[in-house]
Amino acid sequence: MKKLGGIALGILTVLVVGCKNDQPLPKVIYDKKDQAAKAEKKESDTLTLVDLPIQFDGTQVLLFPVGKVAMYEDKGLKETTYSEIPSHTVSNTSEFEIAGTMTNLKFQVKDTDSLRVLTDKKVLISRVSYLSALAASIKKQLLVYEMEDADTNQDGAINESDIHGLYISVLDGTGFQKISPDLQEVIGWNVIHQRGRLYFRTLEDANKNGAFDKSDIVHYFYVDCKVNPLQVHEYFPLK
């Protein structure tokens, strides 16, 4: 009996540990922590690169994606070898979209050689979309950015595990602003160019447990892109 009891206890322990491991990692940690005590990745472990310029059809602005690639140390030579870098690019481009792991973006307008920097903040940009149909409809050229802009889970780095936000700017990088509320996860967006509007949804961690689950609240917004400055409105389709 004692042996069977020990086996049962062992199985129960495994199940409990397994359940704990299945818990999703929180995207938000609300307790302030000493960030200086965290071990951050050294700058010497990465190489900052700027991709070759991109110009969307029908526009006059060059876009230069900026990002970092990991460096790998050859243990035998005790030095970093560039041959082991998996890629010398930080982005991929489709017709009206740039995707990748970008830390910034630079802009160059027609007939100039100077470059304008998008932001001086630490961010991680995963996607940049040019709203081409909207440009044809309302004669205004805009970019939408999907990014992480804060270390919301306090792991010492801004990465894909943090809250996903939404930004917008003019094609040349001016008017750069956040349109999604802080600490709300963007869960989708689209454009209705006939109305000159950008619609998006966010998820609020209403119960403050650090994870997004069924107890939380979905918010609905649209941006009126026809006016200056751009205006964000919350709407309530379930009422």
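Here, each number is a calculation from the coordinates, and none is a lab measurement. Everything quoted here is computed from the prediction, not taken from an experiment. Note: ideal-geometry Cβ built from the backbone for every residue, glycine included; neighbour counts use all protein chains shown.
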Original post:
Residues with amide H under 5 Å of residue 154's amide H, sequence separation 5 or more or different chain, H placed in the peptide plane at 1.01 Å from N; which?
Top reply: 29
**OP:** List 120, 51 from most exposed to least, where exposure is judged by having the fewest other Cβ atoms within 10 Å.
**Re:** 120, 51
**OP:** Subtract the Cα-Cα distance of residue 94 and residue 50 from 0.36 nm times their separation in residues, and report this length gain in nm to one decimal.
**Re:** 14.1 nm
Subject >> Spin-label model distance (nm) - residue 126 vs residue 217, 7 Å beyond Cα toward Cβ >> reply: 2.4 nm
Original post:
Among 203, 115, 63, 142, which comes first, then next, by fewest other beta-carbon atoms within 10 Å?
Top reply: 115, 203, 142, 63
Original post:
Each label point is 7 Å from the Cα along the Cα-to-Cβ direction; what then is the distance between the points at residue 234 and residue 178, in nm?
Top reply: 1.5 nm
Original post:
Evaluated at 37 °C with a viscosity of 0.692 mPa s, what Stokes-Einstein diffusion coefficient in µm²/s does the stretch 198-239 have when Rh comes from the Kirkwood expression over alpha-carbon pairs?
Top reply: 279 µm²/s
Original post:
At 4 °C and 1.567 mPa s, what whole-number value in µm²/s does Stokes-Einstein give for the translational diffusion of the stretch 151-219, with Rh from the Kirkwood sum over Cα pairs?
Top reply: 95 µm²/s
**OP:** Could you calculate the FRET efficiency of residue 195 with residue 116 from 1/(1 + (r/R0)^6), where r is the beta carbon distance between them and R0 is 30 Å, rounded to 0.05?
**Re:** 0.50
